[in-house]
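Worksheet: the structure to be examined is printed underneath.
Laboratory data are not the source of any read-out in this text; all were calculated from the coordinates shown. Because the structure is predicted, anything quoted here is derived from the model rather than measured. Cβ placement follows ideal geometry from the backbone for every residue including glycine, while neighbour counts extend to all protein chains displayed.
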C-alpha cells in the first residue's frame, strides 16, 4: 500500500514548506519533496490548501470514559469521584468499554490524534477497539494495591494478561506497559515488582504523579519525600517511565525528572477543570524533560480535543508567567507531536522525515478563522480547531479521508453509545 | 418575516428544555413552547439534534485586525507593537478595513457570534461591513490624546462623525459609543468631554482598563491612584461604561466597578497570549460586576472564536484558584451571552424568552466530541467547538443556515483578503 500526499504545506523539522509532497510506502514515510511523480502510487491525495503534519499524540487518557463526558461537572473532587464517577465505573461492562473505546477512537481520528496512551480497566476490550480503528496506542492497566495481598496478585495477573495478549500486536501499533496507578494507591512491593517486570520485558512503566497538592502534602507528611523523590528512591526511574500530570513538582523534582529522562504527559485541560492547578511546563522544558500532551479522561476535560490542549499549552503559561515568550508555537507543536511519541516510547514517530512512521494528518488552512495565513505553524497552534482536520493516516493506513471515516462505522457506534448512556442517566 | 425553529434542545433561563420550538416575528422572539403550529411561518427550521441558544457576544475586539492574525507571534509586547503591529496598521487603507471587517464578520457568523463591540479606526468602513453582514454591533473609535491640543480636537471630530453617521442605524443593529482609548493614552480633558458627550447623547463610554501590570504601576506612581480609582475620581463611571480587560484590579477596584455598575469585557485568550495575566473573574462576578467575554483583536488571540473564550473562562479560573467549583458552566454561559449583551448596552438580548431580541444560534449536539449528552449546557461550555454552529440568526434575520452564509459572499471576501494580505507579507 503506497500513498502520495501532494501540494500541501508541510510542517518539516526545518520549518513549513509550501507545495510539498509526502510519499508513504507501507508504514513509513519514504520521500518528501516538491516534485514526486504520482504514477505508481496506490492512492494520491491532493493536499492543496491544507497543512501536512505529524499526527497529535494524546499521551494520557482513559478512552472509554467518553461514556461519562459531561456526566458530572462543577463538583468538588471527592464527591465527584465518590458519588458520581466511581459508582458509574463500577457498573461498566466489558462490552460497554468496547463500544465506548470505539467512540473515543472516532473522536481521536476526527481530531487528528494518531496515537494515545490509555490507562483503564478491561483493557482487552480497548485493545480490540484500537486494533479495529487503526490507531496506534500504548495500553496500560492501572494497578491499585495498598497492601501486598491477594488484591495485589490479582492486579499483576490482569497486567500480565494484557502484556501477554497485546504487546506488539496489530502490526506493532499496540504496545503495552506496566502501570502502578499512583504513589498514593500502590504499596512499595507493587513498585518493586513493576520495576522487575519492566526490566525483564523491556517495557515502559506508566503512572500518575504529583497531580494534586493534597497528594504531594500527604506523601511529604508520611515519608518526608515528594512523590517524585519517593519513586526515584525506590528505583522506579531506572526504567523508562511515563508519568501523567506533574502539576505540583518543585525544582528538585524537575531536575530528577530531567536527569532520569522521565517522560511527562502535561494535561492542562484536566488539571484546570479539576482545580488541580497548572503544571510548570516552561520550567520542565527548560530543564530538558521530555513532555507530551494529554487530555486525561473526558469526564474531566470534557473531550479528546488535542487542538485545545495544544492551544492551552501555548497560551496558559504565557499568562501565569506574564511572559509572551513562554512556550512559543514551535515548542507547543513539538510537545504535541514528537514529544508525545517519545513519551509513549515510539521514537520513530512525530516528525515528517524520510524513514519516520507514517502517522500523518492533513489540516484545512482555508477557513475564516485561519486566513490570511502568514505562518502556518502559528495558524495551527493559535487558531485551528479539531474540526479543521480533514484526513488522518496511521501506520500508512488512511483512517479518515476528507472527513469520511474508513475503518469505523460512526453511525453504528453512535447509536450503541447513546443506548448505553441510557443506563447511566439520572432520572 | 417570521421564523419557527422546531424540535431543538433550548437553553432557557430555567434550564435546558428538549423538543422545544422558538417562534420569531420580525426582530423579536414571540413564543417558546413544545407545540407551536408551523403553518403561517415564512421559514421553518428543524433543530432536531441541535441546541437552540442565544448568540454569543464578543464584547471587545478590533474586527479588522483579522488581517493581522498570526502576522507576528511569540514576541515581547513592545517590539510586537512598535516593530510589527503599529507599522502594519499605519499602512491600512479604508478599503482594506472594509474587506477585513467583512472577513471578520464571516468568522463571527460561522462561530455563532451575533453581536460585538468594536474599537478601531476608519469606523465608517466597519459600519458598512456590519450593515451588510446583518450582525449587531457597538462601534467605537479609540481616541488617543496625551495633551489637549489639535490632535485631541481631531479625535473628537472623528468620534462625533461616527456617532452622527451610525448611531441607531441598520434597523437599530448598530449603536455607537464615545471611546477614550485608555487612562494612559488620554489626558483628563478627553475624559471630561467624553463624559459630557455620553450624558448629552445617552451613549455608553468604552475604554481599555488595567490590562497590564506596568500600566497600573505607572498610574499609581504618577497619581497615587489605580487606573480604576483615577477614572472613578474623574467621574467617568457616572456614565454607563464598558471597559476591556481589568486584569490587574484589586479589591477596592472591583468594589468600585460593582458599585458604579461598570461593565467589564473579560478577554482571557488575549490576556494570556500577550502575557498580561489572568483577570479575577470569580471575584468580579462574586462582587456583582456585569461581565461579558471578548477575544480582543486577532493579532493577539489569534481568532474570533468565542467558544474558546467561553471554554477558557470556565477552565482557567478553576486551575488558578485550585477550585473545581469556580466559574461553573452556567456562569460561563451567562457571561458569554446575557452578560455580553448587557456589557454592550443591549439589555433585551442574550436570553431565550418571549419579547427578547431574536439573536439566536443553533449548535450541533450530534458529534463524536459531544455525545453522549447528559447535560446540554455542559456539552456547550466544556466540549463544543465553534465549528459546531449550524445556524446564526440576528435581529430575526437568518445570516447562516446549515453552515451556508446568506448575507455575505465568503469566496469573494476570501479572495480579496488574501490579495490584501500580500501587501503585508515579509519576503
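Inter-copy label distances at residue B:86, shortest first and taken from points set 7 Å along Cα to Cβ: 5.9 nm. Once the Cβ-Cβ distance between residue A:185 and residue B:31 is put in as r, and R0 is 60 Å, what FRET efficiency do you end up with, to the nearest 0.05? It comes out at approximately 0.65. Across peptide A:363-370, the mean count of Cβ atoms from other chains lying within 10 Å of each residue's own Cβ comes to 6. Spacing of the modelled spin labels on residue B:323 and residue A:418, each 7 Å from Cα toward Cβ, amounts to 3.8 nm. Mean per-residue shielding of peptide A:413-425 is 2, counting Cβ atoms of other chains within 10 Å of each Cβ. When you restrict to C-alpha pairs under 8 Å that are six or more residues apart and normalise by the size of segment A:306-350, the relative contact order lands at 28 percent.
Using only the alpha-carbon atoms, how far is helix B:306-320 inclined from the longest principal axis of chain B? Give it as 0 to 90 degrees, nearest 10. Once rounded, one gets 70 degrees. Using R0 = 41 Å, the C-beta based FRET efficiency linking residue B:403 and residue A:259 works out to 0.20. When B:5, B:220, A:158 are sorted by how many other C-beta atoms sit within 10 angstrom of their C-beta, beginning with the fewest, the order is B:220, A:158, B:5. Of all DSSP beta bridges in chain B, what percent run antiparallel (nearest 5)? So the antiparallel bridges in chain B amount to around 40 percent. When B:113, B:190 are arranged by Cβ crowding within 10 Å, least crowded first, meaning fewest neighbours, the order is B:190, B:113. Restricting the calculation to Cα atoms, segment A:380-427 yields a radius of gyration followed by a Dmax of 15.4, 46 Å. Using 0.36 nm per residue and subtracting the Cα-Cα separation, the extra length available between residue A:201 and residue A:46 on full extension is 51.5 nm. Provide the percentage of antiparallel DSSP beta bridges, counting only those with both residues in the protein assembly as shown; round to the nearest 5. Antiparallel bridges make up about 40 percent of those DSSP assigns within the protein assembly as shown. Put simply, the Cα atoms of segment A:269-427 extend 47, 45, 37 Å along their principal axes, the longest span coming first. Sorted from nearest, the other copies put their residue A:148 label points 8.5 nm away, the label point being 7 Å from Cα in the direction of Cβ. Relative to the longest principal Cα axis of chain A, at what angle does helix A:94-110 sit, 0 to 90 degrees, rounded to 10? Tilt relative to chain A: about 40 degrees.
How big, in percent, is the set of alpha carbon pairs in segment A:64-343 lying more than 27 Å apart? Summing the P(r) tail past 27 Å for segment A:64-343 gives 36 percent. Residue and distance for the chain A Cβ closest to the axis that moves A onto B, in whole Å, come to A:387, 2.
Ordering A:62, B:311, B:321, A:208 from the fewest to the most neighbouring beta carbons within 10 Å gives B:321, A:62, A:208, B:311. For chain A, the relative contact order comes to 21 percent (Cα pairs under 8 Å, sequence separation of at least 6). Helix B:213-223 axis versus longest C-alpha principal axis of chain B: approximately 40°, rounded to the nearest ten. Taking the Cα centre of each part, how many Å lie between segment A:361-413 and segment A:340-354? Segment A:361-413 and segment A:340-354 have Cα centres spaced 19 Å from each other. Label point of residue B:238 (7 Å along Cα→beta-carbon): distances to the other copies' equivalent points are 7.7 nm, sorted ascending.
Based on alpha-carbon centroids, what's the gap between segment A:71-101 and segment A:4-50 in Å, whole number please? Rounded to whole Å, the Cα centres lie 43 Å apart. What separates the Cα centres of segment A:102-138 and segment A:208-271 is a distance of 26 Å.
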